[in-house]
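Trainee: Structure provided below as structure tokens; questions to follow.
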Amino acid sequence: MDFFVSYTQADRKWAEWIAFQLEAAGYTTIVQSWDFRPGGNFVREMDRAIAQAERTIAVLSPDYLAAPYPQDEWTAAFAGRKLLPVRVRECKVEGLLGPIVYIDLVGLDEAAAKKALLAGVLGERAKPTSVPFPTAKAPHFPGALPEIWNVPHLRNPNFTGREELLQELRTALTAGPAPAIVPIAGLSGTGKTQLVLEYAYLHTDDYEIVWWVRAEDPSTLIGDYAHLAAQLGLPEKDLADQHASAAAVRSWLGHHPGWLLIMDNARNATDCRECLPMGAGHVLITSSNPNWARLAKPLRLPVLPRADAVEFLQKRCGRDEPVAAAELCEALGDLPLALGHAAAYIEATGSSIAEYFDLYSSRPRELLTNAVAVTWEISFERLQTEEPVALDLLYLVAFLAPEDIDTNLVSPAFPDALQFDRARGGLRRYSLIDVSGGSIAVHRLVQAVTRDRLAREGQERKWAESAVKLVNEAFPFKDDVVETWSPSSRLLPHALAAAAHSERLGVALEYTGRLLNDVGLYLENRGQSGEAEQALKRALAVAEKVYGPDHLVVAIRANNIGLILKDQGDLVGALHYTQRALAIDERVYGADHSEVAAVANNIGIILRAQGDLTGALQYAQRALTIDEKVYGPDHASVAIRASNIGLILQGQGDLPGALQYAQRALAIDEKTYGPDHPKVAVIANNIGMILKDQGNVAGALQYIERALGIDEKVYGPDHPTVATNLNNIGLILRDQGDLVGALQHTQRALRIFQAAYGPGSPLTKLATKNLAIYEQALAKQAGS
């Protein structure tokens, strides 16, 4: 063997990475974690490895140099002059190892470390002519970020103390049963997010996935969680229904180890429960709410211990004033957020800690009860003189969500890029915001203090209006344009925050209502119907306040609520809202307007769902008559109305009539969209089911297989729409007597439905029922 790799357990990942790189280059290695037998005699196996290997690599670190066991390995290696040290962590190499030239990998990225390792090895031993490459996956490079990582904050270089809490956190995550869930509770400003951030960076080698979820709002929580489906490459990654994507993520995590899920600033256990997987992974939750006992034992985060607070303050501002630092820490209540603001001011102004303490102490006594407010006020006064444009940016972001504020969202509020850069730089200099890449983050307490000051000065309404107008203009959602979904997801928390402030203050209500309506339609599109209903009802209330109860905008909002309630199964509520919309439209537009046709069509759909096929047909036919008159006989809207009439007639048993209307709809859609559009697939599927009811199973199969081909091409092989086609094909194949084919298609449909919607979905239950029928029929057939 070429090399024996000597290491301590703390550096096992380094040892495995080194061994892998050597074997990839054609050398042979012995490494304890790969080659020693479990339960074997460690000393004997180590002696054998040293004797067999031409050289011994010592993986140098503070742990290695402090451990007693490697001394025997050094002695044996020195006896044959075969020791090759490789330093992987900062440590002082002295004593027996001092004279030896070592390979230094400290501070190098993976490519540079690999180059340095192989260059050092080549200086010791010629490269073999044969270069077999390991077939196994390469070990994770120690210190590198995991393959899947979305942590939105850089590591805090001034993080100080909390060693016992970090160790307690690690013990709680690794000592108990899986999954390990640890809520971290504490007051705002105590450093909960900084603690989990430090843990994530400290343990990058222990996880293959670290995923950060903004958990303050349920809709944002589901959205961030569902986005992991794309990183995992799950078939459900492109589903519009984010609850279905989230269910797929939860299932995947439940069957795989090596992940860390961070839910930051969660409100309560109920909001989080849907996204908590069962599996060998770890979950960290930060929250100002102390009530988590029903979910898991919470870790209470106090303010910094005084010694740590003093160390942090001096380290952060680069000052050695322990006495003054202790006085200031006491005045600031050892609150990390306030200490960070104070240190940033001291560093930016070049003042001393003592000078800052005098400045702090000069504030009015009634203010001194809020350490964050006072430190903010001191920075505010400095910025007002030094960089007043920075305050405009702070006022604006105070009315948005606190994290992931896209600079492209707020920069248009400034006349030019230079002024925006000055504003951002000023706030960053005084630690009032964090900047990472193209995003800004601001602490919730800083936002609250800023809004409070603006309220006292009579400026709160002005900046709330600016924020909601900005977000309203930027929110891009269009339900039929997939490319708008992702940017809408990123803007969602800011839309909700800005709208809430403008509603509270009663400003820019026209913009607020429009934004809430768009948010509701987005949430409905992504499968979050409960949150969508809330947003749309808020939009309706705003519209009623702005325009009165009988305005066209009110009709649009009421109609949107009706459609969501229909999807939720609340048909009575759905009918109430859509009938209100129809009454307004008829009064404003008259009886024969296209908007009247659209709402009448929706009422027909609701009545059909209620079983009132006669009433449904009357509304659907009225909608068709209006659209034929407005658009002509071959318009896409006419196709929609004709298709709906076909479904109603099919329900009434008028199959020839149903087929006639469905075929007309298909002809229009083929002409409008082309032969391979998903709208064409919907009508083809409907025609197939009508033909099935007529007994024309061969024709039915032809149409539904066409629908299947289109949907697989458009949505991929694992989309729920594809599963619907598969289930229908199964029904037709059963009628043809092909029970094996019916079974195979339905099994595939069931797998898709289960992955997308879970076992309790009506579609899953339907496919399960059909599958049982086919299995029983096959069993009966086999026994006869």
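The values are calculated or read from the model by the stated rules, or taken from the named source; none is laboratory data. Small disclaimer: the values here were computed from a predicted structure and weren't measured. Reconstructed Cβ throughout: ideal geometry from the backbone, glycine too, with neighbour counts over all protein chains shown. For the accessible areas, the whole protein counts, side chains as well, though only heavy atoms, and no ligand, DNA or RNA atoms are used. Shrake-Rupley method; radii C 1.70, N 1.55, O 1.52, S 1.80 Å.
Trainee: Among the residues in region 282-293, are any farther than 22 Å from residue 228 by Cα and without any contact (Cβ under 8 Å) to a residue 12 or more places away in the chain?
Mentor: Yes, some residue in region 282-293 is farther than 22 Å from residue 228 by Cα and without any contact (Cβ under 8 Å) to a residue 12 or more places away in the chain.
Trainee: Here's another thing I want to ask about it. Please determine, by comparing only the residues of region 522-541 that are more than 14 Å from residue 496 (Cβ to Cβ) and hydrophobic (A, V, I, L, M, F, W, C), which one is least open to solvent (accessible area, probe 1.4 Å).
Mentor: 540
Residue-by-condition table, conditions (1) of a type in the set (Phe, Trp, Tyr); (2) within 24 Å of residue 303 (Cα to Cα); (3) in contact (Cβ under 8 Å) with a residue 24 or more places away in the chain:
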position: 194; (1), (2), (3): no, yes, yes
position: 205; (1), (2), (3): no, no, yes
position: 209; (1), (2), (3): no, no, yes
position: 213; (1), (2), (3): no, no, yes
position: 222; (1), (2), (3): no, no, yes
position: 230; (1), (2), (3): no, no, no
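Trainee: On to the next question. For residue 581, work out the one condition from (1) surrounded by fewer than 20 Cβ atoms within 10 Å (Cβ to Cβ); (2) more than 34 Å from the chain's Cα centre (by Cα); (3) not aromatic (Phe, Trp, Tyr) it doesn't fulfil.
Mentor: The number of the failed condition is (1).
Trainee: Kindly establish whether residue 777 is among the small types (Gly, Ala, Ser), open to solvent by 10 Å² or more (accessible area, probe 1.4 Å) and in a helix (DSSP H, G or I).
Mentor: Against the criterion (among the small types (Gly, Ala, Ser), open to solvent by 10 Å² or more (accessible area, probe 1.4 Å) and in a helix (DSSP H, G or I)), residue 777 qualifies.
Trainee: Which one of 11, 47, 109, 104 is open to solvent by 80 Å² or more (accessible area, probe 1.4 Å) and modelled with pLDDT of 80 or more?
Mentor: On the way: 11 fails: open to solvent by 80 Å² or more (accessible area, probe 1.4 Å); 47 fails: modelled with pLDDT of 80 or more; 104 fails: open to solvent by 80 Å² or more (accessible area, probe 1.4 Å).
Result: 109 is the single residue among 11, 47, 109, 104 that is open to solvent by 80 Å² or more (accessible area, probe 1.4 Å) and modelled with pLDDT of 80 or more.
Trainee: Quick one: which helices (runs of 4 or more DSSP H) sit completely within region 440-552 and have at least 1 residues that are more than 23 Å from residue 403 (Cα to Cα) and of a type outside the set (Phe, Trp, Tyr)?
Mentor: In region 440-552, 444-456, 509-525, 529-547 are the helices (runs of 4 or more DSSP H) which contain 1 or more residues that are more than 23 Å from residue 403 (Cα to Cα) and of a type outside the set (Phe, Trp, Tyr).
Trainee: What about residue 230, is it surrounded by fewer than 21 Cβ atoms within 10 Å (Cβ to Cβ) and out of contact with any His (no Cβ under 7 Å at 6 or more places or on another chain)?
Mentor: yes
Trainee: Exactly one condition in (1) open to solvent by 50 Å² or more (accessible area, probe 1.4 Å); (2) in contact with a Leu (Cβ under 8 Å, 6 or more places away or on another chain); (3) more than 19 Å from residue 219 (Cβ to Cβ) is false for residue 558; which is it?
Mentor: (1)
Trainee: Something else now. Just checking, does region 311-327 include any residue being touching a residue at least 12 places away in the same chain (Cβ under 8 Å), open to solvent by less than 30 Å² (accessible area, probe 1.4 Å) and outside any helix (DSSP H, G or I)?
Mentor: So far as region 311-327 goes, no, none of its residues is touching a residue at least 12 places away in the same chain (Cβ under 8 Å), open to solvent by less than 30 Å² (accessible area, probe 1.4 Å) and outside any helix (DSSP H, G or I).
Trainee: Additional query: Among the residues of region 452-481, count how many are without any contact (Cβ under 8 Å) to a residue 40 or more places away in the chain and within 20 Å of the chain's Cα centre (by Cα).
Mentor: The number of residues fulfilling the criteria is 1.
Trainee: Just wondering, is there one or more residues in region 173-187 that are over 20 Å from residue 292 (Cβ atoms) and among the hydroxyl-bearing types (Ser, Thr, Tyr)?
Mentor: No, every residue in region 173-187 fails to be over 20 Å from residue 292 (Cβ atoms) and among the hydroxyl-bearing types (Ser, Thr, Tyr).
Trainee: OK, next. Among (1) closer than 25 Å to residue 270 by Cβ; (2) touching a Ser or Thr at 6+ places or on another chain (Cβ under 6 Å); (3) open to solvent by 10 Å² or more (accessible area, probe 1.4 Å), which single condition is residue 154 missing?
Mentor: Among (1) closer than 25 Å to residue 270 by Cβ; (2) touching a Ser or Thr at 6+ places or on another chain (Cβ under 6 Å); (3) open to solvent by 10 Å² or more (accessible area, probe 1.4 Å), the lone unmet condition for residue 154 is (1).
Trainee: Any idea which of (1) surrounded by fewer than 15 Cβ atoms within 10 Å (Cβ to Cβ); (2) small (Gly, Ala, Ser); (3) at pLDDT 95 or above is the one residue 698 doesn't satisfy?
Mentor: Going through (1) surrounded by fewer than 15 Cβ atoms within 10 Å (Cβ to Cβ); (2) small (Gly, Ala, Ser); (3) at pLDDT 95 or above one by one, residue 698 breaks only (3).
Trainee: Mind telling me which of the residues 603, 626 ends up being in contact (Cβ under 8 Å) with a residue 24 or more places away in the chain, buried (at least 21 other Cβ atoms within 10 Å of the Cβ), of a type outside the set (Gly, Ala, Ser) and under 16 Å from residue 560 (Cβ atoms)?
Mentor: Numbers: 626 fails: under 16 Å from residue 560 (Cβ atoms).
Being in contact (Cβ under 8 Å) with a residue 24 or more places away in the chain, buried (at least 21 other Cβ atoms within 10 Å of the Cβ), of a type outside the set (Gly, Ala, Ser) and under 16 Å from residue 560 (Cβ atoms) holds for just one of 603, 626, which is 603.
Trainee: Hey, which of the helices (runs of 4 or more DSSP H) in region 336-404, taking only ones fully inside, have at least 3 residues that are more than 17 Å from residue 460 (Cα to Cα) and open to solvent by less than 40 Å² (accessible area, probe 1.4 Å)?
Mentor: Where helices (runs of 4 or more DSSP H) fall fully within region 336-404 and carry at least 3 residues being more than 17 Å from residue 460 (Cα to Cα) and open to solvent by less than 40 Å² (accessible area, probe 1.4 Å), they are 336-349, 353-361, 371-386.
Trainee: Continuing with the same structure: Which of the residues that make up region 269-281 are under 14 Å from residue 181 (Cα atoms) and surrounded by 15 or more Cβ atoms within 10 Å (Cβ to Cβ)?
Mentor: Selection gives 269, 272, 275, 276, 277, 279, 280, 281.
Trainee: A further question follows. Looking at 313, 359, 337, 332, which one is of a type outside the set (Phe, Trp, Tyr), closer than 30 Å to residue 386 by Cβ and in contact with a His (Cβ under 8 Å, 6 or more places away or on another chain)?
Mentor: 337
Trainee: Every residue in region 629-640 that is open to solvent by less than 70 Å² (accessible area, probe 1.4 Å), in a helix (DSSP H, G or I) and out of contact with any Ser or Thr (no Cβ under 9 Å at 6 or more places or on another chain), please.
Mentor: Residue satisfying the conditions is 638 alone.
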